[in-house]
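The values are calculated or read from the model by the stated rules, or taken from the named source; none is laboratory data. Remember, it's a predicted structure, so these values are computed and weren't measured experimentally. As a convention, Cβ positions derive from the backbone with ideal geometry for all residues, glycine included, and neighbour counts pool all protein chains shown. Side chains included, ligands, DNA and RNA excluded: accessible areas come from the protein's heavy atoms. Shrake-Rupley method; radii C 1.70, N 1.55, O 1.52, S 1.80 Å.
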Amino acid sequence: MQRQILFKCPRTGMNVEHRIDDERPERLEPADAYVSLRCPACMSLHFVNSTTSKLLGERSAQSVSIPRSA
Ligand SMILES: [Zn+2]
């Protein structure tokens, strides 16, 4: 099973499409679903979440999951 990831290269700002083989049949938690991709735009490795297509360490308006004490 293949999955297509679309992410934005943080170095070049280019939108990059990448296909990955979805090797694991079980569902991954989004936090654990990061895969390392060789970016064709800048030729370096990026870690991209295969579930959300978010780059690892990507800054966004969304707050990073902050541990909340009950
Ligand atoms: Zn890149």
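Worth pointing out:
- First in the range 1-21 and closer than 10 Å to His46 by Cβ, second anywhere and open to solvent by 100 Å² or more (accessible area, probe 1.4 Å) and modelled with pLDDT of 90 or more, Cβ under 6 Å, 6 or more apart: Lys8/Asn15
- Extreme residue, most open to solvent (accessible area, probe 1.4 Å), among residues of the range 11-30 that are modelled with pLDDT under 90 and either in a strand (DSSP E or B) or closer than 18 Å to Leu55 by Cα (or both): Arg19
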